[in-house]
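Input: a single structure, listed below in structure tokens.
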Amino acid sequence: MRRGSRFYFVAFVAAVISTACGALTGADDLTIVSDGGTLASKDPSTLPVDGGHDSNAPAPADLDAASDASDDSAVVDAAPDHAVTCTSVSAYPSNISELGLFSQWGNLPTISSTDGFYADCAISTSNSPTPSVFAADLRFSIPSNAVIQGVVATMVRRARNGGDVVDASMRLRWSGKLQGDDRSDPSAWSALKNTMTYGTETDVWGTALTPAIVNGPDFGVVFAAKWIVGNSGNDTVYIDSIQMTIRYCL
């Protein structure tokens, strides 16, 4: 090829290349072609930048925040180890004794059941209060992991005349001594047979009761009656039974 022809050829090729580059720069789509054919078609404005990361791609999730949220959800939704179950159990005392130096009560063993047979004690202005009666050994078998919620003592009682006698005391007792608060009732004993309730299933009588205490043979209740000050004469108090109820939860 002659020199002049070569010059025109080079100029022609340069013009073709320049035209092609300009077309690529202003095109909406860029098609990459290899010997095997078309590989991809992509809008040039969305080509990866900044080290190859797609600027239009969604931001990655905050893994720490997601982890924290997951942990919080686990705490809120966590189920308790077990459902709380509460139970009430009742029993009559199997050991009834009179506290004090002098024995004045008769038929004390009858207190261990509600059967219409009465323990009795005479009372007057000169013989008040009555000796205390200790009703114990309920023979409970409450589980050692239970939480004691309350104690109820139920007495079936009456007086011969009525209106002259009130409770002197109603206390829990164990380990050889009186414990907690007095739950005696200020109302006068009636001549009619009636049932008196002391405490509630949410009342532990000012004590810190445990299963070991209430299951013990020396746990029970002590009670006594007294003459109403200002009254005259004499009377007799009768007790059919006393029963104790323990409320506990697991």
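Miscellaneous remarks
- Residue list for the stretch 191-223, restricted to those being among the hydroxyl-bearing types (Ser, Thr, Tyr) and touching a Lys or Arg at 6+ places or on another chain (Cβ under 6 Å): 198
- Only residues that are part of a loop (DSSP other than H, G, I, E, B) and not polar (S, T, N, Q) were counted in the stretch 93-120, giving 9.
- Matching residues in the stretch 209-250 - criterion: being more than 13 Å from residue 148 (Cα to Cα), among the aromatic types (Phe, Trp, Tyr) and either assigned to a helix (DSSP H, G or I) or under 31 Å from the mean Cα position of the chain (by Cα) (or both): 219
- Set side by side, the residues 183, 157 differ, and just one is buried (at least 18 other Cβ atoms within 10 Å of the Cβ), farther than 30 Å from residue 85 by Cβ and modelled with pLDDT of 95 or more, which is 157.
- The combined condition, being in contact with a Cys (Cβ under 7 Å, 6 or more places away or on another chain) and in contact (Cβ under 8 Å) with a residue 40 or more places away in the chain, is fulfilled by residue 146.
- The listed residue being surrounded by fewer than 19 Cβ atoms within 10 Å (Cβ to Cβ) and assigned by TED's automatic domain parsing to the domain that holds residue 110, out of 239, 228: 228
- Of note, residue 123 does not satisfy the criterion of being buried (at least 19 other Cβ atoms within 10 Å of the Cβ) and outside any strand (DSSP E or B).
- Looking across the stretch 193-232, just one residue is in contact with a Phe, Trp or Tyr (Cβ under 9 Å, 6 or more places away or on another chain) and either of a type in the set (Asp, Glu) or modelled with pLDDT under 95 (or both), and that is 218.
- Unique match (being assigned to a loop (DSSP other than H, G, I, E, B) and either in contact (Cβ under 8 Å) with a residue 24 or more places away in the chain or among the aliphatic types (A, V, I, L, M) (or both)) among 200, 195, 154: 200
- Residue identified as hydrophobic (A, V, I, L, M, F, W, C) and over 24 Å from residue 98 (Cβ atoms) among 208, 225: 208
- Among the candidates 139, 171, residue that is crowded, with 19+ Cβ neighbours inside 10 Å and basic (Lys, Arg): 171
- Residue satisfying condition, being among the charged types (D, E, K, R) and closer than 12 Å to residue 221 by Cα, within set 171, 157: 171
- For the stretch 183-208, a residue qualifies if it is within 26 Å of the chain's Cα centre (by Cα) and closer than 17 Å to residue 90 by Cβ, and the qualifying residues are 198, 199, 200, 201, 202, 203, 204, 205.
- Being under 17 Å from residue 239 (Cβ atoms) and in the same structural domain as residue 238 (by TED's automatic domain parsing) is a description that applies to residue 153.
- So residue 186, is it under 17 Å from residue 136 (Cβ atoms) and part of a loop (DSSP other than H, G, I, E, B): no
- Qualifying residue in the stretch 194-206 (condition: among the small types (Gly, Ala, Ser) and either at negative phi or exposed (fewer than 14 other Cβ atoms within 10 Å of the Cβ) (or both)): yes
The values are calculated or read from the model by the stated rules, or taken from the named source; none is laboratory data. These figures come from a predicted structure and were not determined experimentally. Heads up, the Cβs are rebuilt from the backbone with ideal geometry, glycines too, and the neighbour counts pull from every protein chain shown.
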